[in-house]
1. From the list Asn97, Asn47, exactly one residue is among the polar types (S, T, N, Q), more than 16 Å from ligand 1 (Cβ to nearest atom) and touching a Lys or Arg at 6+ places or on another chain (Cβ under 8 Å). Which is it?
2. Of the residues Ile234, Ile170, Ile224, which single one is surrounded by 15 or more Cβ atoms within 10 Å (Cβ to Cβ) and either in a loop (DSSP other than H, G, I, E, B) or away from ligand 1 (no atom under 16 Å from the Cβ) (or both)?
3. Note down all Cβ pairs under 9 Å where the first residue falls in the stretch 212-223 and is more than 11 Å from Ile26 (Cα to Cα) and in contact (Cβ under 8 Å) with a residue 12 or more places away in the chain, the second is among the hydroxyl-bearing types (Ser, Thr, Tyr) and crowded, with 21+ Cβ neighbours inside 10 Å, and they're at least six residues apart or on different chains.
4. Report whether or not Thr3 is among the hydroxyl-bearing types (Ser, Thr, Tyr) and closer than 25 Å to Glu240 by Cβ.
5. Need pairs with beta-carbon distance below 9 Å; first residue assigned to a helix (DSSP H, G or I) and within the stretch 44-56, second among the hydroxyl-bearing types (Ser, Thr, Tyr) and within 14 Å of ligand 2 (Cβ to nearest atom); sequence gap 6+ or separate chains.
6. Condition first: within 16 Å of ligand 2 (Cβ to nearest atom) and at negative phi. Can you find one or more residues in the stretch 207-216 that meet it?
7. From the residues in the stretch 75-102 that are in contact with a helix residue (DSSP H, G or I) (Cβ under 8 Å, 6 or more places away or on another chain) and within 20 Å of Asn27 (Cα to Cα), which one is farthest from ligand 2 (Cβ to nearest atom)?
8. Hey, any hits in the stretch 173-182 for a residue that's part of a helix (DSSP H, G or I), within 16 Å of ligand 1 (Cβ to nearest atom) and of a type in the set (Gly, Ala, Ser)?
Amino acid sequence: MSTLVIKNLHAEVDGKEILRGIDLTINEGETVAVLGPNGHGKSTLLNVIMGHPKYIVTEGTITLDGQDILSLTTDQRAKLGLFLGMQNPSEIPGVINSDFLRAAVNAKSEKPISTYQFYKVLDKATKELKMPFDLATRSLNEGFSGGEKKRNEILQLMLLEPKIAMLDEIDSGLDVDAIQVVADVIKEEQAKGIGFLVISHYARLFDLIQPTRAVVIVNGKVVIDGDPSYIKRIDQTGYEFIKTELGIEISKPDNNMNTVSIGSCAVKDAIK
Ligand SMILES: Nc1ncnc2c1ncn2[C@@H]1O[C@H](COP(=O)(O)OP(=O)(O)OP(=O)(O)O)[C@@H](O)[C@H]1O
Ligand SMILES: [Mg+2]
């Protein structure tokens with residue numbers, strides 16, 4: 001059984017500390033729901049686990065089955081069985097989706113998959129996801145609708161068969177029927193024993209996939225790691241209880257953007 005262990009993880013981006021001592025363990029077979037207010041470090045955590053070069057780890061460790069992964073490149077982490085379905089998947093014009101998927105599958109297997117076998121697997125997976133097959137033959141994510149991009153992330157998950165899958169707001173942009181389709185696929189993968197770390201702001205997806213634990217991240221730290229009943233509670237009452245019951249002040253995102261008031265706007269001078 002695979003286990004991902006994160007200890008005292010601190011990480012920064014552009015010199016700003018975002019993760020301030022994350023402790024978290026995910027076992028294969030578990031589904032951990034991750035919640036937390038906007039801008040408190042959820043996506044950052046997943047990016048750091050996957051090895052995004054923009055995020056600098058300043059302290060702490062991440063191990064998969066006892067092996068340190070912080071010294072590994074992103075593709076090496078993927079080969080070990082980590083997977084990230086992104087909150088905002090990138091559009092890559094010129095890279096055909098099916099070529100990308102096949103290259104990813106081949107990178108993980110010892111022997112290259114035959115064209116016939118690959119298209120058989122791809123056809124089955126796209127049908128299960130109720131995805132038009134032409135999405136597989138277009139440039140990766142280019143011009144895909146929000147929901148199509150999210151289904152395409154799940155398509156990658158199905159083909160790559162990771163040990164631990166991390167899904168970042170996979171439900172955002174999906175219509176009600178598509179959430180059901182995606183949840184059905186997640187349930188199939190759960191039955192195979194894959195571990196899941198699933199970020200969402202809404203109880204709907206969690207109702208369908210039944211997490212085994214709920215984790216709440218506030219101010220770059222895990223402030224709750226408990227039973228899934230927290231999901232309903234947060235859905236109904238928000239995060240106020242973190243302050244009133246745990247005494248943790250929820251910091252507001254920095255408000256240091258260069259705002260231009262209409263009073264000082266150059267347009268005003270131009271139209272004088
Ligand atoms: N690449 C980056 N460059 C600059 N700042 C970043 C970057 N990535 C994250 N941040 C900042 O780090 C903080 C945490 O962002 P993160 O995306 O982890 O939040 P989140 O908890 O996933 O929020 P949400 O629920 O809105 O998705 C934010 O203030 C964000 O602006
Ligand atoms: Mg996020």
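The values are calculated or read from the model by the stated rules, or taken from the named source; none is laboratory data. Computed from a predicted model, the values in this text were never measured in an experiment. When we count neighbours, we look across all protein chains shown, and the Cβ atoms used for this are built from the backbone with ideal geometry, even at glycine.
1. On the way: Asn47 fails: more than 16 Å from ligand 1 (Cβ to nearest atom).
Within the list Asn97, Asn47, the selection yields Asn97.
2. The match here is Ile170.
3. Gly220/Thr44
4. Judged against the criteria, Thr3 is not a match.
5. What qualifies is Thr44/Tyr55; Asn47/Tyr55; Val48/Tyr55.
6. yes
7. Step by step, filter the stretch 75-102, then rank; the result is Lys79.
8. Within the stretch 173-182 (the criterion being part of a helix (DSSP H, G or I), within 16 Å of ligand 1 (Cβ to nearest atom) and of a type in the set (Gly, Ala, Ser)), the answer is no, since none of the residues qualifies.
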